[in-house]
Amino acid sequence: MNWENLSKVFEQKFGKSPSLLARAPGRVNLLGEHVDYNQGLVLPAAIDRAVYLASAPSDDDCVTLCALDLDERTSFKLSELESKINRDGESLPTWASYPAGVAWALRASGLKIIGMQSVFTSDVPIGAGLSSSAALEVGFAVVWQALGGWKLDRMKLAQICQHAENEYVGVSCGLMDQFASACGVEGHALFFDTRSLEWHPAPLPTGTALVIADSGVRRSLTQSGYNERRTSCEQAVEELHKFMPTIQSLREVQPTDFAAYSIYLPEIPRKRAEHVVKEIVRVSSAMSALQREDKQAMGALMYAGHRSLRDLYEVSTPELDILVELTRKLPGCIGARLTGAGFGGCTVNLVEADQAEAFIQGLKDGYRQETGREAQVYLCRASQGASIEKRRT
Ligand code: GLA
């Protein structure tokens, strides 16, 4: 990021220098899809694409934000957060409900939130499954933290951002995305247990690289499809509860129990739950594969994860399937799968670093030939979580 330029833009908009520069990354998920809201295990990594913010405190209770990529500006009062309106009494634009939601959730946790001015830009593509919204939330959370002079641990910060998205924005996401954006570790994936909230960084195998391939397809049913999947999982727990009265979530269902009782489930909850139960096992196998640097095992688990998302969870698209299938014939590919919620968006590929260039070219060419579309395919580095880059007192 060219921080100098961002500071200049801030100066042009607000006639003063920013006091804080901050960034918060998007994430890619290597394995453990649609399991975070089932208390499962996930393996995301923060990426080197982020939201970048330049901010300064204001002298009133007003928050003025400029979304540079959209060329939009809005102001809202902290005293009117609850009603989700701007200073002119109109509804907040969707993009502004993320920062407003964060302010609302931080305040609900008893933290001091002050008025501010902020400009921001992002190179996390929107709606591509790389958590542009979580990056926005976590970005504003670290800015408000720095301006407010309090300090929360990163997990708590992520939970508050998730609360903002669940209750203020109205999307019932799990904790994975906000966690990854807040807690990312350079060069590492993050092995995260969403039930105990324990986590540790897991190095990627030596000599491997992560490649993201964006299918360019965005589906509008993401939100309703996502909520439907959640409901089916809850239904499965309710049914299985009859046989396993102590379970609270699919996390507590072992594959052997599932094999015994799944015949009693209606078809849709059965398929969804089968994905979740086996995906959780895959993440734990991936963890030991990474520990022993067994790339082949890791790759096989990724491919199996994709099949399961395609056939059991039914969140893939023809374009994502093509992107994954193409990799089987390309040089250096270890594993590939769709990443994020699905319904369009991106695939994540684990590839041999020294063959990454040929892999990227091959995937772009193959995708163009098969679909007539262009895919954005690029190398991505696992990066550090959100940070304050510069502070002027
Ligand atoms: C979205 C949600 C996450 C998670 C993934 C699917 O990214 O925000 O909480 O559920 O989908 O794994």
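Using alpha carbons only, how many angstrom separate the centre of segment 274-293 from the centre of segment 337-393? One Cα centre to the other: 22 Å. Volume of the convex hull of segment 69-141 (Cα atoms only), normalised per residue: 96 Å³. For ARG307 and THR246, the FRET efficiency from 1/(1 + (r/R0)^6), where r spans their Cβ atoms and R0 equals 35 Å, is about 0.70. Taking a ≥ b ≥ c as the square roots of the eigenvalues of the Cα gyration tensor, an a/c ratio of 1.5 or more together with a/b no larger than b/c marks segment 215-321 as oblate. Rounded to the nearest 10 square angstrom, LEU330 shows an accessible area of 40 square angstrom against a 1.4 Å probe. Here is the list for segment 255-332: trypsin sites (Lys or Arg not before Pro) lying in DSSP coil, each with at most 14 other C-beta atoms within 10 angstrom of its C-beta, are ARG292, ARG328, LYS329. All Cα-Cα distances of segment 135-177, cut into 5 Å bins from zero to the largest, leave 6, 23, 33, 23, 11, 4 percent in each bin in turn. For a test of the definition: using alpha carbon positions, the gyration tensor, and the 1.5 limit on a/c, classify segment 96-249 as rounded, prolate or oblate. It comes out rounded by the Cα gyration axes. The packing ranking of peptides 27-40, 115-128, 379-392, highest mean first, is 27-40, 115-128, 379-392, where packing means the average number of other beta carbon atoms within 10 angstrom of each residue. Hey, what D do you get for the chain in µm²/s if you plug the Kirkwood alpha-carbon radius into Stokes-Einstein at 25 °C and 0.890 mPa s? Translational diffusion coefficient: 114 µm²/s. From the Cα gyration tensor of segment 1-89, with a ≥ b ≥ c the square roots of its eigenvalues, which class applies: rounded if a/c is under 1.5, or else prolate if a/b is larger than b/c, or else oblate? The shape class here is oblate. Residue separation of GLN254 and ARG368 scaled by 0.36 nm, minus their Cα-Cα distance, works out to 36.9 nm of gained length. Each Cα pair under 8 Å and six or more residues apart adds its separation to the average, and for segment 290-336 the resulting relative contact order is 54 percent.
With a 10 Å cut-off between alpha carbons and a GNM built on the chain, which of ALA375, ALA56, ALA146 moves the most? Maximum fluctuation in the GNM of the chain, among the listed residues, is at ALA146. Dividing the summed helix terms, -39500 (n - 2.57) for each DSSP H run of n ≥ 4, by the number of residues in the chain produces a 222 nm estimate of -13000 deg cm²/dmol to the nearest 500.
For segment 290-393, what are the per-bin percents of Cα-Cα distances with bins 10 Å wide, up to the bin holding the maximum? Final binned percentages: 14, 41, 30, 9, 5, 1.
Here the spin labels are modelled as points 7 Å beyond Cα on the Cα-Cβ line, and at GLN12 and GLU167 they lie 3.9 nm apart. Structural descriptor for the chain: relative contact order 24 percent, calculated from alpha carbon pairs under 8 angstrom and at least 6 residues apart. Normalising the average separation of contacting C-alpha pairs (under 8 angstrom, six or more residues apart) by the number of residues puts the relative contact order of segment 1-148 at 29 percent.
Reported to the nearest whole Å, the Cα centre-to-centre distance from segment 1-71 to segment 130-195 is 11. Compared with the direct C-alpha span, the chain from ARG391 to ARG87 gains 106.6 nm at full extension, assuming 0.36 nm per residue. The stretch between ARG218 and SER75 holds 48.5 nm of extra length on full extension. This uses 0.36 nm per residue minus the Cα-Cα distance. May I ask you to derive the FRET efficiency for CYS62 and GLU186 from their Cβ-Cβ distance with R0 = 51 Å, giving the value to the nearest 0.05? My answer for the efficiency is 0.90.
Taking 25 Å as the straight-line reach from the Cα of LYS16, the lysines in range (excluding those fewer than 8 positions away in the same chain) are LYS8, LYS77, LYS112, LYS390. Each Lys or Arg adds one and each Asp or Glu takes one away; over the other residues whose Cβ falls under 12 Å from the Cβ of SER249, this sums to -1.
The values are calculated or read from the model by the stated rules, or taken from the named source; none is laboratory data. Since the structure is predicted, the reported quantities are computational estimates derived from the model, not experimental observations. Every residue, glycine among them, receives a Cβ derived from its backbone with ideal geometry; neighbour counts consider all protein chains shown. The area values use the complete protein model at the heavy-atom level, side chains included, leaving out ligands, DNA and RNA. Shrake-Rupley method; radii C 1.70, N 1.55, O 1.52, S 1.80 Å.
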